[in-house]
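The values are calculated or read from the model by the stated rules, or taken from the named source; none is laboratory data. What you see is a predicted model, and the numbers here were worked out from it, not measured in a lab. Quick reminder, even Gly has a Cβ in these numbers, built from the backbone with ideal geometry, and neighbours come from all protein chains shown. For accessibility, only protein heavy atoms count, side chains too; no ligands or nucleic acids. Shrake-Rupley method; radii C 1.70, N 1.55, O 1.52, S 1.80 Å.
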Protein chains: 2
Amino acid sequence: MARIGQGKATGIKETTATGGRRSVTIIDIAEVAGVSKSTVSLVLKASPLVKSETRERVQRVMEEMGYVYNRGAASLRKSSSSVIGMVINDLANPFFAELAIGIEQALQHSGYIPYLAHTAESVARQAEVVRSMREHGAAGIILCPALGTDAADLADLSVPGLPIVLAIRRIAGARLSSVTSDSVGGARRATQHLIGLGHRRIAFIGGAEAMVVRQGRFTGYQEALQAAGLPLDPSLTMESMPTKDGGFQSMLTLLDRSDALNPLTAAVCFNDVVAIGAMLAVTRRGLQVGRDISLVGFDDTAEAQHVSPPLTSIAVDPAGLGKAAAGMLLRHIADTAPKFENYVGEARLVIRDSCRPPLRKDAIA
Amino acid sequence: MARIGQGKATGIKETTATGGRRSVTIIDIAEVAGVSKSTVSLVLKASPLVKSETRERVQRVMEEMGYVYNRGAASLRKSSSSVIGMVINDLANPFFAELAIGIEQALQHSGYIPYLAHTAESVARQAEVVRSMREHGAAGIILCPALGTDAADLADLSVPGLPIVLAIRRIAGARLSSVTSDSVGGARRATQHLIGLGHRRIAFIGGAEAMVVRQGRFTGYQEALQAAGLPLDPSLTMESMPTKDGGFQSMLTLLDRSDALNPLTAAVCFNDVVAIGAMLAVTRRGLQVGRDISLVGFDDTAEAQHVSPPLTSIAVDPAGLGKAAAGMLLRHIADTAPKFENYVGEARLVIRDSCRPPLRKDAIA
DNA sequence: CTGAAAGCGCTTACAG
DNA sequence: CTGAAAGCGCTTACAG
C-alpha cells in the first residue's frame, strides 16, 4: 500500500479494521429491532425519550449482533472528540511512568480517554506524534517535552482550539500552561540540609545550563548558600549530561582538584541518576559516601532507596503532578481556565543515609 | 453535557475539538487553491495523477490555512484504521515499560501508530479500555493481560476482524496468539546453576499456582531437580503474591522450619521483586545472602543490579519481546500469519553475586 | 415516543 | 489531469 506523507497527512498506513466483513451499524440494529436508526441512536445516548421496553429490545439486539459503536463516525458528525493525548519523553524512567499513571487515573472518570505516546526524547518524533494526535482529533494534549524542545518547536505544535499543558519541564519562552515542581525550593532545602549538618564546601553537579529545571535547582542552591553567608565558588559547579556517567565524571573531576586543607565535603546533585554516578566516583577514589562526601539527589526514584547507602533525595510526587496536569487540561478544554496557568508542586526533602556531618579536619590530620 | 453509558457506547464525554471555530477542510483548500476537492484528496495521498505545479500550490495553501488532516473522516470513508492499541497491565514496572517501548519502536515505520492504555492490573479497566479501542477502530491490539484475566474475559474482548496478541502472560485456555519468554528454560537454567554450585536443598518461592508464568517456571525448576536426581520436596515450595512482602514472608517461613542438619541453602524466586523480599528475610534472620543462602531472581530488572549483593537473575529482554509482539500483530493484520502463533523468547542467566557454593556442614559445626 | 432527511470530512469510482 | 456524485456510520433538528 502506498505511503501518504507528501501532503499534509502524516505517512500512515491504513487497513480494513473489520477484516473485510462489513461491521454491524445502527441501521442493521434498527432493522432487526424494528425501529428507526434515530431511535437506536437515542438508545445509545441513554435518552429518556425512548420507552424502556423499546430500549431493552434494542440493547438486546445490539448484544446479539455484536454491535460496536463507531466513535469515529460520531466524532465526525459532532465535530467533537473524547480523547486526550499524553506525550511522554521517557517511559523507561519510572518517574515519568508514575506521571503517566497519575494522569490516567485523574482522567478515569472524566469521560475522556487518555492515549499515551512515547517520544524517547526525540523532538522529531514528538512533532510526529503530536501531529498524529491532532489528526485523530484529540481534545487536548499533556506534553512532557523531549530534551532540546524550544519555544519555536512548541509554537509549531500548537494550533488554536487544541489546548496543551506542559508537564515537568517548562520551556523558556513558551506561552503554555504548565505543571512543574518546586525546583528552587527543593534545591534550597537540600542545600540547607547540608549546611545544617556543618558542610561549607558544597558542589552542585549535573544538568546542562540550558535546562529550565536545572536553572531552578541551581537558583535554590545559590539562595541557600547566600542565606547562610557562604560564598558561591564557581569551581564547585559542574555541568554534565543528566546521566549516571555525567555524575561520575563530574565528581571525579571535583575530587581530583579538591584542596586537602579545605576539601569538598558535599554535593547537591541534579537528580538521583547523577547522584548515583557521583557515588560511584566517590567509591572509586577510595572514599565513602556519607562519611567523606555527603550527597543529595533529586526525584526520589526507587533506586534512591536501594543504593548503598540509601540516598537522601528531594521527592516530587510525579503521580500528583500528573493529576494536576490532567485537571488543568480538563479546565482548559472546558474553557474555564485562565489562558496561562502554572502549577508548582511541592518538593520535599527525604532524609536517608547519604548525608552526615563532615569529618572534623583535626580528625583527618 | 450528559453522560452516555446506558447504551452500548462506553460512558465517554465529548467536546468540540476545535474550540468552536470550524476547522479548515479540503473543501476550503480546494476553493482557495482553485481546484476540486478530489484534487486536494489526491495531493494528500501523494498521487502521481496531480501535476507537480498544482500539487505545490495546494500544499502551500494547506500550509497557509493551517490545514489538519481529519483521520477520523478518512477512516470512516475507507472503513479502515491506522491505530494499534497496546494495553499494558503495569506501567510502573520498568519491565512492562520496556516492553511498551519495544513495541512502539517496532511500529515506528510500519505506518501504524501505537496508542497505549494502562489497566493497573484491573480486569474491569481492561475491558473498558479494549472496548474503547475497538470503538475507535483500532486495527489490532497487543494485550498484556491484567492479573486474574481468564479465557472467558478474553473471549469477551475478542471480535472477528480485530486481531489480538497476548504479550508476556499467556492465559490458560485462551485461543489467541502470544509472545512470551521461556519460563521453563529460564527456571531450569537458574536451578541448574545452583545445583552446579553444590546446592541440594533448593526452594521455589513466590507466585500463585494459577499463574501460567509461574507454572512454567516451576516446571523448569522441577526438570532441573529431576535431571540431577534430586527429590522434589513439597515443603520447599511456597506460593505467595508476586511482591516483595510475599517473598519476605515465604522466606521467613522456610528459614524458620529449616532443618539444622540438612538446611535450606538456596532458592529460585518467582521474580526479582520476590527475591528482594527474600533477601530482606535472610538478613532479618541474621544470615547473609550469597554466603548462607543463595538466591536467583527472574526478569533481571534494574533493581537486581542495585541491591546488595547484586542479584543473579534470569534476563528476558522485554524490548525484544515487544518487537516480536508488534511483528506478529502486523502479520495478523495483514492476514499473513497462521491463526495462532506462539513466540517464545529466550531467557538467559545473568550471574551476579547472590549465589555461591553452600557452606560446608563441617565448616558450620 | 418514532421516522425521514441532512450533513460531519473524507475517498473512491466514474466521467470528462 | 480534474470535477461531480455517492457514501462511510453516526447525530441532530424537525415533523409527526
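Worth pointing out:
- Counting only Cβ charges, +1 for Lys and Arg and -1 for Asp and Glu, the dipole size of chain B around its Cα centre is about 580 debye.
- Among B:Pro234, B:Pro338, B:Pro160, the largest mean-square fluctuation in a Gaussian network model of chain B (Cα springs under 10 Å) belongs to B:Pro160.
- Cα Rg, Dmax (largest Cα-Cα span) when computed across the range A:185-243, Å: 11.0, 31
- Solvent-accessible surface of chain A, averaged per residue with a 1.4 angstrom probe and all protein chains in place: 43 square angstrom.
- Members of A:Lys37/B:Lys78; A:Lys45/A:Lys78; B:Lys37/B:Lys78; A:Lys78/B:Lys78; A:Lys244/B:Lys323 lying beyond 24 Å, as alpha-carbon distances in this model show: A:Lys244/B:Lys323
- Rounded to 5, the percent of DSSP beta bridges in the protein assembly as shown classed as antiparallel: 15 percent
- Axis angle, to the nearest 10 degrees, between helix A:183-197 and the longest C-alpha principal axis of chain A: 30 degrees.
- Amide hydrogen neighbours beyond the local backbone of B:Met86, cut-off 5 Å, H modeled: B:Tyr115, B:Leu116, B:Ala117, B:Ile142
- Just so you know, the Rg over Rh for the range B:252-328 is 1.12, from Cα atoms, with Rh as the Kirkwood radius.
- Global geometry of the range B:57-162, whether rounded, prolate or oblate, following the gyration tensor of its Cα atoms and the 1.5 cut on a/c: prolate
- Using the Cβ of B:Asp272 as centre and a radius below 10 Å, the other residues enclosed give a net charge of -2, where K and R count +1 and D and E count -1.
- Using θ = phi - 60° and Karplus 6.51 cos²θ - 1.76 cosθ + 1.60, couplings along the range A:248-253 (whole Hz; Gly, Pro as x): 4, 4, 4, 5, 4, 4
- Neighbourhood net charge (12 Å Cβ-Cβ; Lys/Arg +1, Asp/Glu -1) for A:Ser158: +1
- For chain A, DSSP calls about 10 percent of its internal beta bridges antiparallel.
- Residues of the range B:345-360 with amide N under 18 Å of a point placed 7 Å along Cα→Cβ from A:Thr283: B:351-355
- Relative contact order of chain B, pairs being alpha-carbon contacts under 8 Å that are 6 or more residues apart, as %: 16 percent
- Taking amide hydrogens as placed 1.01 Å from N in the peptide plane, the amide H of B:Leu166 sits under 5 Å from those of B:Leu143, B:Ser177, B:Ser178, B:Val179, each at least 5 positions away in sequence or on another chain.
- Fraction of accessible area attributable to carbon and sulfur, chain B (%, probe 1.4 Å): 52 percent
- Averaged over the residues of peptide A:30-41, the number of Cβ atoms from other protein chains lying within 10 Å of each residue's Cβ is 0.
- Shape analysis of the protein assembly as shown yields a ratio of the Cα radius of gyration to the Kirkwood radius, Rg/Rh, of 1.02.
- Estimated vicinal HN-Hα couplings, Hz - the range A:152-163 in sequence order (Karplus 6.51, -1.76, 1.60; Gly, Pro = x): 5, 4, 5, 4, 5, 6, 6, 8, x, x, 10, x
- Percent of C-alpha pairs per 20 Å bin, chain A, short to long: 25, 42, 22, 9, 1
- Ratio Rg/Rh, restricted to the range A:26-69 and using Cα atoms, in which Rh is the Kirkwood radius: 0.90
- Chain A packed on chain B takes about 6600 Å² of accessible surface away from a 1.4 Å probe, both sides summed.
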